[in-house]
Number of protein chains: 2
Amino acid sequence: MDVKRRLRSRGYRVTPQREAVLEVLRENEGVPLDPEAVFEFTRERYAGIGLATVYRTLELFCDLGLVLRVHLHEGSQHYEINTGKHHHHMVCVSCGSVEEFKGCVVDELEESIREDSDFVVTSHCLSLFGYCPACLPAR
Amino acid sequence: MDVKRRLRSRGYRVTPQREAVLEVLRENEGVPLDPEAVFEFTRERYAGIGLATVYRTLELFCDLGLVLRVHLHEGSQHYEINTGKHHHHMVCVSCGSVEEFKGCVVDELEESIREDSDFVVTSHCLSLFGYCPACLPAR
DNA sequence: ACTCCTATTGATAATTGCTCTCAATAACAC
DNA sequence: GTGTTATTGAGAGCAATTATCAATAGGAGT
Ligand SMILES: [Mn+2]
Ligand SMILES: [Mn+2]
Ligand SMILES: [Zn+2]
Ligand SMILES: [Zn+2]
């Protein structure tokens, strides 16, 4: 694992809790999970893990760039493994299903901003809302 | 006021609390405020207003389309008067200042999605993060 | 393998942002 | 003015997240 090295090189320790959380996120590639869901899945691998540890681990992994925060504008934050492929999400306002889409025009947008404004953009957050194919017929 | 008419026509009542909140939002056009800030400003006009009333009023105004919810991805929700001009925001990760930008490429994006996917997009949420001109020199 | 230092953990308390409840109040149609 | 009922303020309640802290355990050094 490259992750173990990355943790240790920054003074962090490799714990079974952290390994279990990482496994869960990897198994759910493409499915943004909230902390409660990560907690439940991780308990199946490491029964004694505490919810606070899940929160702490998710934040650490975000800092390390292993994991990405996803804002689906629901009650809680969501997280997904960072595959390196930039993308965003479409959320069905009817059933809550989440679909990825790759084409992100924001890179172009950032350029046009560099012209209009003196603001230097370093990141962005984009989510789309609407109806998934399954929910479309019902209005 | 057109707003009074709009409220009454839907069975809502025109109260001094609602008028005070609307005034505050109008005075702060271009400055997304969180409920606590709206509360504090409104108290200067209507000292006895309760925080719950502010929350209820903001939600009502959103439903009526008078006010827009702004996700700056801070702890709390933000709100701004709806001027009818579609735009998004850039947030300085250093000082927290918020700047508007008009050019939104998402409309084009929604089109390309209509081709790639069966998902029907009805709305979107976009925010940009980076450094404002004032904060740039200091890294 | 043993020791020591200290990062990490789990349980739980505390905090935050927001919503609900309910009796008192006040719009406003008549 | 009167009556109906939408609205209000105070405070309880709630859900997500963060802080606290004593106990535990990773792992570098021996
Ligand atoms: Mn994704
Ligand atoms: Mn704005
Ligand atoms: Zn759906
Ligand atoms: Zn700044």
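Below, the figures for the structure above:
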read-out: Filtered residues of region A:20-52 (kept if without any contact (Cβ under 8 Å) to a residue 60 or more places away in the chain and outside any helix (DSSP H, G or I)); value: A:Asn28, A:Glu29, A:Leu33, A:Asp34, A:Glu44, A:Arg45, A:Tyr46, A:Ala47, A:Gly48, A:Ile49, A:Gly50
read-out: Pair list, Cβ under 7 Å, 6 or more apart: region A:8-19 residue closer than 11 Å to A:Thr42 by Cα, other residue among the aromatic types (Phe, Trp, Tyr) and more than 9 Å from DNA strand D (Cβ to nearest atom); value: A:Pro16/A:Tyr46; A:Gln17/A:Tyr46
read-out: From B:Glu40, B:Glu44, B:Glu74, residue being out of contact with any Leu (no Cβ under 7 Å at 6 or more places or on another chain) and at pLDDT below 95; value: B:Glu74
read-out: Checklist (1) small (Gly, Ala, Ser); (2) out of contact with any helix residue (DSSP H, G or I) (no Cβ under 9 Å at 6 or more places or on another chain); (3) within 12 Å of DNA strand D (Cβ to nearest atom) applied to B:Ala20, failing item; value: (2)
read-out: Filtered residues of region B:53-74 (kept if within 14 Å of another protein chain (Cβ to nearest Cβ), touching a residue at least 12 places away in the same chain (Cβ under 8 Å) and away from ligand 4 (no atom under 16 Å from the Cβ)); value: B:Cys62, B:Leu68, B:Val70, B:His71
read-out: Matching entry among A:Gly130, A:Gly103, A:Gly30, A:Gly65 (being modelled with pLDDT of 95 or more, more than 14 Å from DNA strand C (Cβ to nearest atom) and not β-branched (Val, Ile, Thr)); value: A:Gly65
read-out: Qualifying residue in region A:77-89 (condition: within 15 Å of ligand 3 (Cβ to nearest atom) and not acidic (Asp, Glu)); value: yes
read-out: All positions within region A:38-62 that are within 15 Å of the chain's Cα centre (by Cα) and near DNA strand C (Cβ under 9 Å from one of its atoms); value: A:Val54, A:Tyr55, A:Arg56, A:Thr57, A:Leu60
read-out: Residues (more than 7 Å from chain A (Cβ to nearest Cβ) and surrounded by 17 or more Cβ atoms within 10 Å (Cβ to Cβ)) located in region B:101-130; value: B:Val106, B:Glu110
read-out: Given (1) more than 7 Å from every other protein chain (Cβ to nearest Cβ); (2) more than 16 Å from the chain's Cα centre (by Cα), number of the condition A:Pro133 does not satisfy; value: (1)
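Residues are listed down the side, and each one gets a yes or a no for (1) farther than 19 Å from A:Pro16 by Cβ; (2) in contact with a Lys or Arg (Cβ under 9 Å, 6 or more places away or on another chain); (3) more than 16 Å from ligand 2 (Cβ to nearest atom); (4) outside the structural domain of A:Val14 (by TED's automatic domain parsing):
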position: A:Glu29; (1), (2), (3), (4): yes, no, yes, no
position: A:Ala37; (1), (2), (3), (4): yes, no, yes, no
position: A:Cys62; (1), (2), (3), (4): yes, yes, yes, no
position: A:Glu108; (1), (2), (3), (4): yes, no, yes, yes
position: A:Glu115; (1), (2), (3), (4): yes, no, yes, yes
position: A:Pro133; (1), (2), (3), (4): yes, no, yes, yes
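The values are calculated or read from the model by the stated rules, or taken from the named source; none is laboratory data. As the structure is a prediction and not an experimental result, all values here were calculated from the model. Here Cβ is always computed from backbone atoms with ideal geometry, including for glycine, and neighbour counts include all displayed protein chains.
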